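**Q** Just dropping this structure here.
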Amino acid sequence: MSQGAHVFAGGGLDRESERRRDPAWVEARLADPTSRFLALWHLQILVRSGEASGLAWATSALRELADREADAVLLGTNGGTAHFALDLSPLADPLAALGLEGAAEFADLRAIAPRLPAQEAGIAAQARSLVDWHARHRFCAACGERTEARQGATLRFCRDCKSEHFPRTDPVAIALVTRGERCLLGRQAGWPARMFSSLAGFVEPGETLEEAVRREVMEESGVRVGRVRYHSSQPWPFPSSLMLGCLAEAESEEIRIDAGEIEEARWFERETVRRALAAPDPARDALLLPPPLAIAHHLVRAWAES
Ligand SMILES: [Zn+2]
């Protein structure tokens with residue numbers, strides 16, 4: 001799969017990792033009337049209301065509404081125009097404050113993403129992850145003092161102990177495990193009835209991606225995995241994961257699930273999976289797969305159509 005094909009991939013802004021080190025350059029972009037600001041409110045994204053969904057960009061005037069301590073987060077530039085994200089969570093009713101009632105709304109990114117242009121979904125993912133990270137990292141993990149945003153709020157700095165803190169991305173191994181004409185899918189309690197997906201878990205410190213796949217699949221299903229091939233990756237901004245999609249070959253078949261992790265795991269025939277991909281089947285026992293928003297959908301499709 002080519003890069004940019006997953007939802008939340010392909011934001012495409014130039015992150016300006018050199019120029020953002022210059023406070024004067026950042027200040028000039030913040031004051032520039034052509035710069036664009038994306039408002040977030042409790043991690044919801046401001047989008048235009050109506051049929052043609054899109055991000056509702058504001059000018060730097062948005063900063064006058066925000067809390068004085070809210071740092072505009074530099075997302076990058078596009079054709080020379082700077083793009084920032086700004087957290088309006090302290091406001092009780094930001095739509096009224098913006099005068100945008102009826103014209104725009106704050107939307108849950110997971111719900112709205114499939115209707116956004118691909119590049120905007122990617123930019124919104126970057127904005128959501130960064131705004132969430134800032135909200136949780138106001139204090140230094142080394143000494144406990146208050147930290148301050150630096151370099152266009154692309155990092156936080158502790159004046160007290162001089163530590164720099166960088167936004168984190170958490171790698172998640174997600175694998176479609178196959179054996180001949182069958183693939184292994186699992187489901188968690190609380191998912192829609194009949195929905196199954198590929199197995200996934202966080203990569204732990206000191207582990208390769210391949211080792212994480214083998215460990216997770218063994219823990220969740222009791223199935224032993226041999227060869228692991230990387231397929232593609234997807235930013236997953238809930239809050240800050242990077243899904244690392246793999247195709248993995250099983251070396252055993254017996255399933256022993258860990259009930260603490262998943263509710264059920266099962267082998268599915270390739271033909272069953274193909275039917276589930278082709279059209280949702282109302283039959284009571286038919287398989288349901290995750291929607292195209294999820295990388296799991298594309299891993300299953302890659303195998304089913306190979
Ligand atoms: Zn410190």
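**Q** For the chain, can you list the cysteines whose C-beta has no other cysteine C-beta under 4.7 Å from it?
**A** C183, C246
**Q** Determine Rg/Rh for the chain; Rg is computed over alpha-carbon atoms and Rh is the Kirkwood hydrodynamic estimate from the same atoms.
**A** 1.02
**Q** Among A39, A276, A113, determine the one that fluctuates most according to a GNM of the chain built with springs between C-alpha atoms less than 10 Å apart.
**A** Result: A276 has the largest fluctuation of those listed.
**Q** Using r as the Cβ-Cβ distance of R224 and D14, and R0 as 51 Å, what FRET efficiency do you calculate, to the nearest 0.05?
**A** FRET efficiency, R224 to D14: 0.70.
Where a number appears in this text, it was derived from the coordinates with a stated rule and is not lab data. As the structure is a computational prediction, the values presented were derived from the model and not from experiment. Every residue, glycine as well, gets a Cβ built from its backbone with ideal geometry; the counts of neighbours run over all protein chains shown.
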